1. Suppose we filter 214, 226 for residues that are under 28 Å from residue 101 (Cα atoms), assigned to a helix (DSSP H, G or I), under 23 Å from the mean Cα position of the chain (by Cα) and at pLDDT 95 or above; which single one remains?
2. Restricting to the range 159-175, name every residue that is surrounded by fewer than 18 Cβ atoms within 10 Å (Cβ to Cβ) and over 13 Å from residue 39 (Cβ atoms).
3. Hey, among the residues in the range 77-102 that are without any contact (Cβ under 8 Å) to a residue 40 or more places away in the chain and crowded, with 17+ Cβ neighbours inside 10 Å, which one's nearest to residue 229 (Cα to Cα)?
4. So how many residues does the range 14-35 have that are loosely packed, with under 15 Cβ neighbours inside 10 Å and part of a loop (DSSP other than H, G, I, E, B)?
5. Condition (residue is without any contact (Cβ under 8 Å) to a residue 12 or more places away in the chain and either in contact with a strand residue (DSSP E or B) (Cβ under 9 Å, 6 or more places away or on another chain) or surrounded by fewer than 23 Cβ atoms within 10 Å (Cβ to Cβ) (or both)) applied to the range 42-60: is it met by at least one residue?
6. Restricting attention to the range 107-131, report how many residues are surrounded by fewer than 17 Cβ atoms within 10 Å (Cβ to Cβ), in a helix (DSSP H, G or I) and at pLDDT 85 or above.
């Protein structure tokens, strides 16, 4: 990892990203959220139905520390634990409240030592899958499959002052909502459709693991029962 090219979709041109302007309740906390896919950035720029801009940047990441949740050493439970830490969930039951506390306590990753984070972007569908899992209505294997099917995008997030000091604005180009907004909505619709067709029809839940099983059995990341599910 040396020089990265990143894109940020927005309704405005952002020549100088500012960490202080980041919202603390985003997927991975306060930061600047980007992607390496300019087309995906175009969709995100027009997600509210307005025309927008794709901002292009480079960043010298040679000695920056990256937490890559897609590196094979981390799993979906690490991702959900971070979402529970930063995003606002509707915890309507005792199980979901217990799930939040257990997942954050056992599976959350300390992000304070990192400059960049790479992982799933919790669009509406992904966030719904996470909520269903925490509510004990979606098993771990189905959650894994749903995320693979969705293809809603991987994001790279700048989370440290050092990373913000390194990012360089290259250019910005306008994107038309009449083109990119339908792509944005169709991506989410497709993810939901594939979930209904391929995930909700699964019958192997007896051989799967629910969050209540994880809590009751005191499972941790190295538990062979969890590893059996996530390595399928």
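1. Numbers: 226 fails: at pLDDT 95 or above.
That would be 214, the only listed residue that is under 28 Å from residue 101 (Cα atoms), assigned to a helix (DSSP H, G or I), under 23 Å from the mean Cα position of the chain (by Cα) and at pLDDT 95 or above.
2. 161, 162, 165, 168, 169, 170, 171, 174
3. Quick first cut of the range 77-102, residues without any contact (Cβ under 8 Å) to a residue 40 or more places away in the chain only: 81, 94, 97, 100-101.
From what is left, the residues that are crowded, with 17+ Cβ neighbours inside 10 Å are 81, 100.
Values: 81: 17, 100: 20 Å.
That would be 81.
4. 6
5. So in the range 42-60, the residues without any contact (Cβ under 8 Å) to a residue 12 or more places away in the chain come out as none.
No, the range 42-60 contains no residue that is without any contact (Cβ under 8 Å) to a residue 12 or more places away in the chain and either in contact with a strand residue (DSSP E or B) (Cβ under 9 Å, 6 or more places away or on another chain) or surrounded by fewer than 23 Cβ atoms within 10 Å (Cβ to Cβ) (or both).
6. Residues in the range 107-131 being surrounded by fewer than 17 Cβ atoms within 10 Å (Cβ to Cβ), in a helix (DSSP H, G or I) and at pLDDT 85 or above: 2 in total.
For every residue, the table says whether it meets (1) assigned to a strand (DSSP E or B); (2) more than 20 Å from residue 4 (Cβ to Cβ); (3) more than 18 Å from the chain's Cα centre (by Cα).
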site	(1), (2), (3)
39	no, no, no
42	no, no, no
49	no, yes, yes
54	yes, no, yes
59	yes, no, yes
64	no, no, yes
67	yes, no, no
71	no, no, no
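The values are calculated or read from the model by the stated rules, or taken from the named source; none is laboratory data. What you see is a predicted model, and the numbers here were worked out from it, not measured in a lab. Ideal geometry is used to build each Cβ from the backbone, glycine not excepted, and the neighbour counts take in all protein chains shown.
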